[in-house]
1. For segment 123-145, check the following and say yes or no: at least one residue is among the aliphatic types (A, V, I, L, M), surrounded by fewer than 17 Cβ atoms within 10 Å (Cβ to Cβ) and in contact (Cβ under 8 Å) with a residue 24 or more places away in the chain.
2. Surrounded by 13 or more Cβ atoms within 10 Å (Cβ to Cβ) and not β-branched (V, I, T): does that describe D158?
3. Residues of segment 186-227 being among the charged types (D, E, K, R) and surrounded by fewer than 17 Cβ atoms within 10 Å (Cβ to Cβ), which ones?
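Each reported figure results from applying straightforward, stated rules to the coordinates on display, with no laboratory input. This one's a predicted model, so the numbers in the text were calculated from it and none came from an experiment. A quick note on method: Cβ atoms are made from the backbone with ideal geometry, for glycine too, and the neighbour counts reach across all protein chains shown.
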Amino acid sequence: MSTGISSLGGVSSGTDQTSSGTNSVLGQMDFLELLMVQLQYQDPLSPMDSQEFSAQLAQFSQLEQITQMNANLEASLQTNLILAQSVNNTMVAGMIGQNVVAYGNNTELVDGGEVTLNYNLASSAQNVTIEIKNENGATVRTIEVDAQSSGDQQVAWDGLDDDGEELADGIYTFSVDAQTSSGSSVQTTTYTVGTITGVTYVDGMAEFLVGSVQIPLGDIYKILEAS
């Protein structure tokens, strides 16, 4: 008497949705349960073909090996991540006190002091306009600069607004618009320059502090000698 129970390979296609709920992929326990059902309901007078049964056991063995490999790989990746974070934390801590040049347009005004704005011109410019904004995005100062050559440039900002009033301490942003004598735009790159005073972490990633200005590690362009 035949029970109609087919081989493991045949059963898998018909039991994908019932063996693991919404998961259509057979797992290790699903294979084992199917083997037990086959053994339980096979006809004693017509037992399962030994070669077919051996093939199913080999499939189960392969699945177990793959599962173990995945577990070992996951553990290895987690170990590597912890090691990388440890190395990264050690490295960033050693950066405190270093002078750095980083991509960015943030600058900090402290005690109404003078601030140096750093930028680079890809080519010579006849007219250079620097616009400074507060934390709310409002323009507080516009500085017009005479002709400048290509390369790194610096402009001093006295911490005053366009009306000559002293501005509050805080983080400000600046942008540089440069043009040639013919009115063509000149590519500009702004920089944040200063000494690293600390390290903070944002979403698990280290960011350096230059005063109150936060600088991601990937934005650092140059490391200078410690002061």
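1. Scanning segment 123-145 turns up no residue that is among the aliphatic types (A, V, I, L, M), surrounded by fewer than 17 Cβ atoms within 10 Å (Cβ to Cβ) and in contact (Cβ under 8 Å) with a residue 24 or more places away in the chain.
2. yes
3. Matches in segment 186-227: D203, D219, K222, E225.
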